[in-house]
Every structure is written in structure tokens, then in C-alpha cells.
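I have placed the structure first, in the form of C-alpha cells, so that the comments after it can refer back to it.
Just so you know, all these numbers are worked out from the coordinates, no wet-lab data involved. The model shown is predicted, which means the values in this text are computed figures rather than measured ones. A quick note on method: Cβ atoms are made from the backbone with ideal geometry, for glycine too, and the neighbour counts reach across all protein chains shown.
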Amino acid sequence: MPPGQLSPVEQELDAASVLLQVRQLVDSAVTRNTTRGVTPLPTVAALREATRALLSNATKSVRCMVATSQFAKVVGSVGETRHGISVSVLAAAEADLARHAPSLCAQPGMQLRIVPAQGRDLLIVDDHRVLSGPSQEGGRAMMSDCPHTSDLVRTLFQERWSEGISQADHERLTRIAERPLTAQVVALLAEGLKDDAAAARLGVSVRTFRRHVADLLRELGIRSRFQLGVRARHVGLLPAEPDTGTR
């Protein structure tokens with residue numbers, strides 16, 4: 001590898017670090033009380049009404065990050081958006097979007113990707129109006145038309161979109177994750193054990209352990225152990241990375 005060039009794993013870690021910084025900026029932007037153009041949404045009823053108004057008046061695009069089943073129900077209560085509007089949805093598996101928002105999921109042309117658990121429900125309408133649900137840390141829900149906030153949230157959405165996988169791929173991953181051996185191998189790798197120590201814990205030879213890892217990588221269509229950790233988060237074998245904090 002040429003001097004100064006990052007390895008594939010180092011590139012992935014660097015991208016993850018940048019994404020974490022973007023998430024921190026977004027969380028700060030949507031929770032500052034002094035941000036111009038912010039409308040607080042203190043109740044679930046206010047959140048539902050604001051969501052309904054934004055979706056009903058969308059003219060170009062809707063981008064939605066659904067972290068909770070409560071927000072999935074709010075989005076689902078609105079029904080379909082206008083014909084011809086681009087709709088892209090990132091949903092945490094536990095939000096159960098298909099159950100709570102069936103009309104949205106059935107909308108022609110709607111793009112859906114599944115992501116690991118995330119901290120906030122977010123809605124971006126026509127690229128400039130943003131609605132943020134309450135954060136897990138107790139931050140309030142709000143609506144904003146501040147350009148700085150909308151720029152940050154769009155960046156976050158684009159980065160998270162690249163992490164997402166299709167519903168079909170998520171179901172396939174879930175089936176693989178249900179195998180006892182998969183959970184054991186992922187847990188050992190997550191501990192940071194060397195192959196010989198991991199093999200000893202599993203009661204197999206180092207060669208057999210490495211074959212198990214290689215088989216998993218091949219089945220999942222990935223090329224590194226780091227990516228295996230990312231895929232494991234999609235199906236809950238590893239906890240999702242927090243949206244705030246330092247790496």
C-alpha cells in the first residue's frame with residue numbers, strides 16, 4: 001500500500017468518525033433554544049399535527065428517519081403523500097414501519113432502507129423544512145425552517161442512507177443472525193480477541209474459526225471484519241452506535 005494511503009478498514013473508520021461528528025452537529029442544531037425559525041412541539045398531538053401539515057403540503061420531496069414506533073404511527077396516520085413526490089424513508093427495524101404505516105410503505109416509488117437503531121425521528125420536506133422528534137436524552141420535539149439546520153439534517157440523512165439496507169437484505173441478515181454460531185463469532189470479534197483466543201473460547205482450531213469468519217463475510221457479501229460489525233448492528237447482534245459522544 002502506498003505511503004499515506006488509508007487501508008479499506010481505516011477508510012471506513014474515518015467515514016464513521018465524520019458521520020458521528022455530523023450527528024453531533026445535527027443534535028446540537030435541533031436542540032438549541034436560540035435557533036432562529038424554530039417552533040417547539042411540546043405534545044404528541046402537536047407533533048402529529050405538524051407532521052400531517054408538512055406531509056400534506058409537500059411539493060417535491062419527503063425524507064424521513066423513523067427511529068420509534070410512535071413516530072411510525074404518526075407518519076402512518078397521514079396516509080399517502082401527493083402523487084409524484086419523491087419519498088425516501090430510513091427506518092429502524094424496531095419501529096415496525098410496515099405495521100404502523102402500511103399506506104406509506106405501499107406508496108408507488110417509495111424508497112425504504114433499514115438502519116440500526118437511531119436516536120431521533122426526523123422529517124425533511126422539500127429540502128428545507130425539518131421536523132425533529134424528541135431525543136432519547138429528553139430533548140424536545142420541534143419544527144425548523146433554519147437553513148443551517150436543514151443543511152445539516154440533509155447531510156445526516158445522506159450519510160445514514162449509505163448505511164441502510166433493503167428490507168429483503170435485512171430479513172436475510174436476520175435469518176443468518178438467528179444461527180447460534182453467528183452470534184458467538186460476532187461476540188468474540190466484538191471483544192477484540194485475537195483469532196487464537198477466539199478459537200479457544202469457541203473450542204475449535206484457529207483454522208476452523210477463520211473459516212467461520214470467512215463464511216460469514218461471504219454470506220453477507222462484505223469484505224472486512226469491520227463491515228461484519230456494521231451488519232451485526234442491523235440485526236441487533238451488537239448495540240447500535242450512539243448518535244452523540246466521542247469515538
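Mean sequence separation of contacting Cα pairs (under 8 Å, at least six apart), scaled by the length of the range 168-234, corresponds to a relative contact order of 30 percent. Taking packing as the residue-averaged number of other Cβ atoms within 10 angstrom, the listed peptides 54-60, 176-182 run from highest to lowest as 54-60, 176-182. Fully extending the segment from residue 215 to residue 61, taken as 0.36 nm per residue of separation minus the present Cα-Cα distance, adds 51.4 nm. You can think of it this way: the chain between residue 194 and residue 161 has 8.6 nm of extra reach, that is 0.36 nm per residue less the Cα-Cα gap.
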